[in-house]
1. For region 21-96, which GluC sites (Glu not before Pro) are in a loop by DSSP, counting at most 13 other Cβ atoms within 10 Å?
2. Which trypsin sites (Lys or Arg not before Pro) in region 27-106 pass both tests, a DSSP loop state and at most 15 other beta-carbon atoms within 10 Å?
3. For region 31-91, what is the per residue volume of the convex hull drawn over the alpha-carbon atoms, in cubic angstrom?
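Please treat every number below as a calculation from the coordinates, not as lab data. Computed from a predicted structure; not experimentally measured. Heads up, the Cβs are rebuilt from the backbone with ideal geometry, glycines too, and the neighbour counts pull from every protein chain shown.
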Amino acid sequence: MKITSNISNKKNQNKGNYYHGNMELPEVINMDSLAYANDDELERLHTFLQGERDKASKTDYDLQPWEVEICYVQREMRIRNSRRAAHDRYVRSNPDFYQDNSASFD
């Protein structure tokens, strides 16, 4: 699944906070699309946004728009890691259930 997002042109909508002259603003990511993206897509998006933020920092622009989007991606990544860890703990605490029922999944 490809992450789809709505491009938000906030240059004219917000009072200077997101105005960056000729610098292109980051796409505003739909939270629902983040939830359905796979881990590789999240990692790619995270790396891309960090690179774009680094470019913006060299031009002395306000980094808030990039950092907000990076935070949303990082939040989704943390949620997934937390769920994986919780699932692993649950599976380890119930080994008999998963060993007995693993044959029924084949």
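1. Working: sites: Glu24, Glu27, Glu41, Glu43, Glu52, Glu67, Glu69, Glu76; in loops: Glu24, Glu27.
Taking region 21-96 and a limit of 13 other Cβ atoms within 10 Å, the loop GluC sites (Glu not before Pro) found are Glu24.
2. Details: sites: Arg44, Arg53, Lys55, Lys58, Arg75, Arg78, Arg80, Arg83, Arg84, Arg89, Arg92; in loops: Lys58.
Here the trypsin sites (Lys or Arg not before Pro) that fit, given the DSSP loop and packing criteria, are Lys58.
3. Details: hull volume 4.7 nm³, N = 61.
Cα convex hull per residue, to the nearest whole number: 78 Å³.
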